[in-house]
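Report on one structure; see the data block that follows.
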Amino acid sequence: MGKTFMPVQKTREELAAFQLERLKWTVHHTYHGSPLYHKKFEEANVTPDKIRTLDDLRLLPFTTADDLKAGYPFPLLSVPLDDVVRIHASSGTTGKRKVLSYTAKDIDDWAHFFARCFEMAGMSVADRVQICVGYGLWTAGAGFQNGVERFGAMAIPMGPGNLDMQCDFLVDFGTTVLCCTASMGLLMAEEVEKRGIKEKIKLKKVIFGSERSSDAMRARIGELLGVEHIFDIPGMTELYGPGTGLDCVHHQGIHYWADYYIVEFLDPETLQPVPEGQIGEMVVTTLQKEAAPLVRYRTRDLTRAIPGTCACGSILPRHDRFLGRSDDMFIIRAVNVYPGQIDHVLSSIPGIGSEYQVHLTRRADGKDYMAIKVERGKECAPADDPKRKKLIEVEVKKQIMVSCEADICCYGELPRSERKTKRVFDKRDE
Ligand code: ZN
């Protein structure tokens with residue numbers, strides 16, 4: 001047994017006791033260290049001494065993306081600037097980017113729990129990890145890089161794009177683990193197939209970051225690359241970056257690092273807890289973060305807690321894959337639809353590919369219409385398209401409660417991208 005990055009706590013009770021101790025620290029630290037938090041706490045009429053149990057978390061005010069904007073360029077800062085050793089920013093397109101500060105301990109903590117991801121994935125120091133995510137201002141490249149090095153495996157820092165070189169390196173370096181977005185993973189898998197190099201590569205695991213991926217897409221990538229496991233790594237800039245959890249080899253939900261942050265699952269409208277196991281917005285409170293701690297930060301990510309204990313026996317709690325963001329949710333004919341629900345329905349239908357687009361339009365009758373364009377599976381007969389179309393329309397209606405018109409197109413017809421693929425096109429205001 002080599003070095004472990006798992007929590008030192010051995011039971012859920014020990015973990016909860018540790019969380020309470022760290023929650024008290026976070027409240028004390030932010031109350032005294034950040035004028036913004038100090039003001040918010042005063043307004044909510046809460047002082048650090050009022051936090052006596054974990055349930056007292058609910059006394060605390062929420063933090064949102066607006067607080068990050070308002071505090072630009074050093075939002076939520078709770079330490080003197082001299083203690084900040086690095087910043088990262090999100091690649092936001094509108095308004096100001098989200099910028100977050102890190103102390104040396106924050107960077108160290110991040111590397112530590114990122115290494116835990118690789119331990120959870122059953123990797124060893126002999127693994128060679130091709131990192132095909134963006135390096136630079138955003139958190140992805142730096143996060144994976146630090147994590148691999150801390151874990152002790154070999155990092156191959158490629159960045160995204162350049163499929164030619166990616167494929168050469170897969171073969172030449174005997175890469176065993178690929179880290180990329182799901183969109184990039186699909187491009188790589190199709191390129192490996194095109195070149196006929198599946199037998200020459202040694203890939204065993206793929207770790208997807210920063211993008212939802214449907215079961216169909218995962219199955220296709222797994223088949224083309226011949227890998228044993230595909231893992232999901234969550235991550236957002238506000239919460240260090242990627243590496244804040246991972247599904248274990250049983251793939252029954254994402255274990256998240258409850259010794260570093262607390263998750264609440266709340267109804268995005270009422271901000272009250274949803275019943276256990278139901279979909280809610282993830283709201284996080286950090287327990288160890290120094291430079292830019294989060295107190296009840298509304299992530300806008302929708303998912304649900306997975307009750308019970310995982311087959312792996314870990315005490316670390318689990319959440320489901322992300323169903324999308326409460327911001328990405330669209331409303332059609334008074335029904336709330338999350339893109340993840342459409343992924344889910346399409347994944348259950350045989351003979352279609354993983355790529356799809358949703359088009360929302362408003363017709364002359366004043367009503368809204370939803371069309372779903374989806375690729376036929378690669379080796380599937382076009383003659384069965386009418387059957388597939390019917391099945392999609394029936395299943396969407398049944399599972400999402402909205403009518404749609406399905407349209408099957410040829411495999412490879414829809415655009416792929418190396419970053420996030422745009423899937424929802426809302427043309428109702430045009
Ligand atoms: Zn597990």
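Quick notes
- Subset of the range 268-324 [among the aromatic types (Phe, Trp, Tyr) and at pLDDT 90 or above]: Tyr297
- For the range 373-411, filtered to residues that are in contact with a helix residue (DSSP H, G or I) (Cβ under 9 Å, 6 or more places away or on another chain) and more than 19 Å from Ser347 (Cβ to Cβ), the residue that is most open to solvent (accessible area, probe 1.4 Å) is Glu405.
- Hits in the range 268-291 - residues which are touching a Phe, Trp or Tyr at 6+ places or on another chain (Cβ under 6 Å) and either farther than 27 Å from Asn146 by Cβ or within 16 Å of the ligand (Cβ to nearest atom) (or both): Val274, Gly280
- Filter pass, Gly122 being over 18 Å from the mean Cα position of the chain (by Cα) and within 16 Å of the ligand (Cβ to nearest atom): yes
- Of all the criteria given as (1) without any contact (Cβ under 8 Å) to a residue 40 or more places away in the chain; (2) under 23 Å from Asp215 (Cβ atoms), the one not satisfied by Arg318 is (1).
One line per residue, one yes/no per condition, for (1) among the β-branched types (Val, Ile, Thr); (2) over 29 Å from Asp106 (Cβ atoms); (3) over 20 Å from the mean Cα position of the chain (by Cα); (4) open to solvent by less than 10 Å² (accessible area, probe 1.4 Å):
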| site | (1), (2), (3), (4) |
| --- | --- |
| Leu178 | no, no, no, yes |
| Ala182 | no, no, no, yes |
| Leu186 | no, yes, no, yes |
| Ile233 | yes, no, no, yes |
| Trp257 | no, no, no, yes |
| Glu264 | no, no, no, no |
| Gln272 | no, yes, yes, no |
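- Among the residues of the range 319-341, the ones that are within 16 Å of the ligand (Cβ to nearest atom) and either open to solvent by less than 20 Å² (accessible area, probe 1.4 Å) or over 19 Å from the mean Cα position of the chain (by Cα) (or both) come to 1 in all.
- Tally, over the range 125-167, of residues that are assigned to a loop (DSSP other than H, G, I, E, B) and under 18 Å from the mean Cα position of the chain (by Cα): 6
- Residue within the range 31-41 that is in the same structural domain as Arg150 (by TED's automatic domain parsing), outside any helix (DSSP H, G or I) and surrounded by 15 or more Cβ atoms within 10 Å (Cβ to Cβ) present: yes
- Residue list for the range 324-339, filter: in contact (Cβ under 8 Å) with a residue 12 or more places away in the chain and farther than 20 Å from Glu355 by Cβ: Arg325, Ser326, Asp327, Met329, Ile332, Arg333, Val335
- Selection of first residues in the range 142-160 that are farther than 21 Å from Ala182 by Cβ and of second residues that are charged (D, E, K, R) and buried (at least 23 other Cβ atoms within 10 Å of the Cβ), restricted to Cβ pairs under 9 Å at least 6 apart or on distinct chains, gives the following pairs, ordered by first then second residue: Phe151/Arg116.
- Set Asn162, Asn146: member being open to solvent by 50 Å² or more (accessible area, probe 1.4 Å), in the same structural domain as Leu186 (by TED's automatic domain parsing) and not acidic (Asp, Glu): Asn162
Yes/no matrix, rows are residues, columns are (1) more than 16 Å from the ligand (Cβ to nearest atom); (2) among the hydroxyl-bearing types (Ser, Thr, Tyr):
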site	(1), (2)
Ile207	no, no
Ile221	yes, no
His229	no, no
Asp232	no, no
Leu246	no, no
Tyr260	yes, yes
Leu266	yes, no
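- Residue match in the range 129-139 (condition: modelled with pLDDT of 95 or more, more than 16 Å from the ligand (Cβ to nearest atom) and open to solvent by 50 Å² or more (accessible area, probe 1.4 Å)): no
- Residues of the range 3-27 classified as part of a loop (DSSP other than H, G, I, E, B) and open to solvent by 60 Å² or more (accessible area, probe 1.4 Å), total: 4
- Just one of the numbered conditions (1) modelled with pLDDT under 90; (2) open to solvent by less than 10 Å² (accessible area, probe 1.4 Å) is not true of Ser348: (2).
The values are calculated or read from the model by the stated rules, or taken from the named source; none is laboratory data. If you're wondering where the values come from, they're calculated on a predicted model, not measured in any experiment. Virtual Cβ from ideal backbone geometry, glycine too; neighbours counted across all protein chains shown. The accessibility values were calculated without ligands, DNA or RNA, using every heavy atom of the protein model including side chains. Shrake-Rupley method; radii C 1.70, N 1.55, O 1.52, S 1.80 Å.
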